[in-house]
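No value in this document is a laboratory result; all are computed from the given coordinates. Only a predicted model underlies this, so the values are computations on that prediction, with no experimental measurement involved.
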Amino acid sequence: MKPLTLAGILFIVLGVFALAYPAISFKSEEKILDIGPIEATKEETKTIPVPPLIAGAAIAGGIIMLAAGAKKP
């Protein structure tokens, strides 16, 4: 399989995934207080939105890569 075709498939899969899940959430732990044996932490959930325009561009780019990879030299 050509590298360009493989990259095209990867872009299409990532684009579809981004359309299905429009936000990426993750948790981070932050140290608030650290005095000797006493330690206080705060867990915070952060969300990064993925615009549908980016997902559509990834799908379109993947289709273009597939078409370019399918051409015979």
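Points worth noting:
- If you count Lys pairs in the chain whose Cα atoms are under 23 Å apart, skipping same-chain pairs closer than 8 places in sequence, the total is 6.
- Long-range amide H partners of V50 with built H, under 5 Å: A23, I24
- Binned Cα-Cα distances of the chain, short to long, each 10 Å bin given as a whole percent: 19, 28, 19, 15, 12, 6, 1
- Entry note, the chain: the mean residue ellipticity at 222 nm calculated from DSSP H runs of n ≥ 4, each adding -39500 (n - 2.57), is -17000 deg cm²/dmol after division by the residues and rounding to the nearest 500.
- Using only the C-alpha atoms, the convex hull of region 34-73 corresponds to 124 Å³ per residue.
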